[in-house]
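**Student:** Let me begin by handing over the structure; questions about it come next.
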Amino acid sequence: MNLDLLLLAAVDGLSYASLLFMIALGLTLICGVFGVINVAHGSFYAFGGYSAATVLAWLMPDDASVPLLVCALLCTAILVGGALGALLERGIMRRFQDRDPVLQLLVTFAVFMILENLQRMIWGSTPVNAGGLVGRMGTIELLGVTFMKYQLLLVPGIALASFFGLQCLLRYSITGRKLLAVIHHREVATALGIDAARMGLMTFALGGALGAVGGALSVPMTTFVPGVAADMVVTSFAVIATAGLGQITGALVASILIGQARALAVYTLPELEVVMPYLMMVLVLLIRPSGLFSVAEARRI
């Protein structure tokens, strides 16, 4: 493998890792608060991508500026994903909060199937793409290799901004500290006067928005078809399993590792591209069954 191909693989891996991290970040946040794997999170990704493509298709013919298009893409995804997340928590998950985790998992799977069919009713089976935005942003040359600015700058930039923004929210804001208290011990947090139900609603809305932004960032670079939600949510499961449940920084590192491994496979061993995320997950879990960044939990008596 020459230097150009290695650089291409690195940038492709970084771009894919950024998209994967956006989805895994929302899934990790919800899992950390509720302790349940939200299968319906894949639908947030799909609805974010389809909705953003619809809005961009409406704005493109008017020769709108690139900042306006990017703003429209992000705002559409945040509104759609946040609304879906809030509706899921308020209408369904709140009723199953203290039920068996397996039942909660089945409920989110049922919601996923409903949203999958709703997606088909709204957008049909026609492939959807918004590649015009990538072309408008232009290209940039790095070490003699030409890359799309969208892929090299915008997508990783938004992923990093989301990571640091969420870290600041959790560490330095009153709302974040309340959320951490609910994550650590829900009963004690409630006894101290924290509205755990409100924190849960905020968590699902924020997690849904992050997942939808991941879909909105993906649709200019790939084609959305029915079934794309299932593919991406399964891969994001591999990320959080590799990192450890509820580990935000771990999700970032695991996304980069999986993204780079997948990109290298594309350029060297294409037949391993599909299985590479799961192969890395299996290797990690064989060594650390709880994930790379898992920590020992205090035993409650």
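The values are calculated or read from the model by the stated rules, or taken from the named source; none is laboratory data. Note that the coordinates shown come from a computational prediction; the quantities given were computed from them, not determined experimentally. A quick note on method: Cβ atoms are made from the backbone with ideal geometry, for glycine too, and the neighbour counts reach across all protein chains shown. Note: areas computed on protein heavy atoms with side chains; ligands, DNA, RNA excluded. Shrake-Rupley method; radii C 1.70, N 1.55, O 1.52, S 1.80 Å.
**Student:** Any residue that is open to solvent by 50 Å² or more (accessible area, probe 1.4 Å), aromatic (Phe, Trp, Tyr) and within 30 Å of Thr223 (Cα to Cα) - is there at least one of those in the stretch 170-188?
**Tutor:** No.
**Student:** I would also like to ask the following. Of the residues that sit in the stretch 30-56 and are open to solvent by less than 10 Å² (accessible area, probe 1.4 Å), aliphatic (A, V, I, L, M) and within 22 Å of Leu245 (Cβ to Cβ), which one is farthest from the chain's Cα centre (by Cα)?
**Tutor:** Val36
**Student:** Just give me the residues in the stretch 273-301 being part of a helix (DSSP H, G or I) and either under 28 Å from His185 (Cα atoms) or modelled with pLDDT under 85 (or both), in sequence order.
**Tutor:** The one that is part of a helix (DSSP H, G or I) and either under 28 Å from His185 (Cα atoms) or modelled with pLDDT under 85 (or both): Leu285.
**Student:** Residues that are at pLDDT 90 or above and among the hydroxyl-bearing types (Ser, Thr, Tyr): which helices (runs of 4 or more DSSP H) entirely in the stretch 50-158 hold 1 or more of them?
**Tutor:** 66-91, 101-123
**Student:** Can you work out which of the residues in the stretch 189-218 that are free of Cβ contacts under 8 Å to residues at least 40 places away in the same chain and open to solvent by less than 50 Å² (accessible area, probe 1.4 Å) is nearest to Ser173 (Cα to Cα)?
**Tutor:** In this case the residue turns out to be Ile194.
**Student:** What is the residue count in the stretch 201-227 for residues that are assigned to a helix (DSSP H, G or I) and in contact with a helix residue (DSSP H, G or I) (Cβ under 6 Å, 6 or more places away or on another chain)?
**Tutor:** Residues flagged as assigned to a helix (DSSP H, G or I) and in contact with a helix residue (DSSP H, G or I) (Cβ under 6 Å, 6 or more places away or on another chain) within the stretch 201-227 amount to 16.
**Student:** Kindly establish whether Gly82 is out of contact with any strand residue (DSSP E or B) (no Cβ under 8 Å at 6 or more places or on another chain), open to solvent by 30 Å² or more (accessible area, probe 1.4 Å) and not basic (Lys, Arg). Working first, answer last.
**Tutor:** Values: out of contact with any strand residue (DSSP E or B) (no Cβ under 8 Å at 6 or more places or on another chain): yes; open to solvent by 30 Å² or more (accessible area, probe 1.4 Å): no; not basic (Lys, Arg): yes.
In short, no.
**Student:** Filter the stretch 223-264 for residues that are touching a Pro at 6+ places or on another chain (Cβ under 7 Å) and not hydrophobic (A, V, I, L, M, F, W, C); which is least open to solvent (accessible area, probe 1.4 Å)?
**Tutor:** By that ranking, first place goes to Thr235.
**Student:** If I ask for residues that are over 21 Å from the mean Cα position of the chain (by Cα) and in contact (Cβ under 8 Å) with a residue 12 or more places away in the chain, which ones from the stretch 98-119 would you list?
**Tutor:** Pro101
**Student:** Same structure, new question: Any residue that is open to solvent by less than 10 Å² (accessible area, probe 1.4 Å) and within 29 Å of Tyr50 (Cα to Cα) - is there at least one of those in the stretch 286-299?
**Tutor:** No, the stretch 286-299 has no match at all.
**Student:** Restricted to the stretch 1-29, and to residues that are modelled with pLDDT under 85 and not hydrophobic (A, V, I, L, M, F, W, C), which residue is farthest from the chain's Cα centre (by Cα)?
**Tutor:** Asn2
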